[in-house]
Amino acid sequence: MHLILEAIMENAIQQKGKRLAITGKKDPVALAAILAARDRGWIEPVACGGPLSELRKELEVYFVDSDIWQARQEALSLLRNKEAEALLDMGPLDNRFFSLLKEAGAQIKNTHLLSYVSVFMLPKNGLMTLLTDTLINSAPGLMEKVQIVENAIKVANALGIDRLKIAALGPLELVNPAIPSTLDAAILSKMSERGQFGDVIVEGPLGMDNAESALAAQHKGIESPVPGNVDVYLFPDLESANITAQFFTWAGRCQLGGVLAGTKFPIIIRSPLESPDSWLLNLALGLIMNGEI
């Protein structure tokens, strides 16, 4: 594992003894990561629900008469009542799961958007890089993208990335009224210019070539500190984000981790984009985000 990713996991040690509620379908790899985190002193795990009752020899088990969905509701109640500090759900992940989070008021605000931020090391320079939204929002409009940007900023801040540079991607670098994603990117860029995101630079619309290469951007007349130095790639839709993340995972052999952003408390999941051995990394990311999202 890359040294910076190891550093993320080491930083989780600072969040010692967080009480972690565990829900979902039993996943041996996830459970191995949970036990490893417990042995490192990061967490005090408690399993929730009848499907996890066979773990009694290793963990304390609550709500043994509840099925997966009832156990999830009970676990979220533990978090709301501050009887637990984080939730790890082993799946399955589907629209019903995310709807349950919204119904339970897991967002920062009732109207706030949940989004997913993938984290990996960029192969060309080994720097920590974020992709969003790679899991939840299929076709976000401008209002949704504003919240996706805000969520990504909080994740980046928790990871210690300063003076954040965000590339708002589109199919081309010109604003075309017939292509809504280019309009959204241009508006986000202007909002950034006016300081509406704080000490953050959003540049867009940018094609991937312009985002990756300062020379390519200059050739197109784009003068900005973002091209060639991107911290966060904001995609116009879920399809493009998902395909790009898959490419990094399988063709680039990059290990992706991820964090669910926009929640009141850490909710740790594993995206299908990520390999099973990402569980420990995701757990560390969730603990680092404690109090930030």
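What to note about this one:
- D89 being among the charged types (D, E, K, R), surrounded by 15 or more Cβ atoms within 10 Å (Cβ to Cβ) and closer than 17 Å to D27 by Cβ: yes
- Yes/no for S271 being touching a helix residue (DSSP H, G or I) at 6+ places or on another chain (Cβ under 9 Å), farther than 24 Å from E203 by Cα and without any contact (Cβ under 8 Å) to a residue 60 or more places away in the chain: no
- Residues that are surrounded by fewer than 23 Cβ atoms within 10 Å (Cβ to Cβ) and on the phi > 0 side of the Ramachandran plot, drawn from the stretch 16-52: G17, G41
- In the stretch 53-86, residue surrounded by the fewest Cβ atoms within 10 Å (Cβ to Cβ) [restricted to those that are closer than 13 Å to P266 by Cα and of a type in the set (K, R)]: K82
- For the criterion of being out of contact with any Leu (no Cβ under 7 Å at 6 or more places or on another chain) and crowded, with 22+ Cβ neighbours inside 10 Å, L130 passes.
- Filter pass, K124 being more than 28 Å from T244 (Cα to Cα) and assigned to a loop (DSSP other than H, G, I, E, B): no
- Strands (runs of 3 or more DSSP E) enclosed by the stretch 24-115 - at least 1 residues per element that are under 20 Å from L135 (Cα atoms) and charged (D, E, K, R): 86-89
- Sub-8 Å Cβ pairs linking a first residue in the stretch 66-83 that is within 19 Å of R96 (Cα to Cα) and in contact (Cβ under 8 Å) with a residue 24 or more places away in the chain to a second residue that is part of a helix (DSSP H, G or I) and basic (K, R), at least 6 apart or interchain, are W69/R96, ordered by first then second residue.
- Within the stretch 181-196, the residues that satisfy the criterion of being charged (D, E, K, R) and either more than 12 Å from V146 (Cβ to Cβ) or over 24 Å from the mean Cα position of the chain (by Cα) (or both) are K190, E193, R194.
- With respect to the stated conditions, M143 fails to be in a helix (DSSP H, G or I), touching a Phe, Trp or Tyr at 6+ places or on another chain (Cβ under 7 Å) and without any contact (Cβ under 8 Å) to a residue 60 or more places away in the chain.
- Checking K109 against (1) crowded, with 16+ Cβ neighbours inside 10 Å; (2) among the basic types (K, R); (3) at pLDDT below 90, the condition it does not meet: (1)
The values are calculated or read from the model by the stated rules, or taken from the named source; none is laboratory data. Everything quoted here is computed from the prediction, not taken from an experiment. FYI the Cβ positions are ideal-geometry reconstructions off the backbone, even for glycines, and counts take in every protein chain you see.
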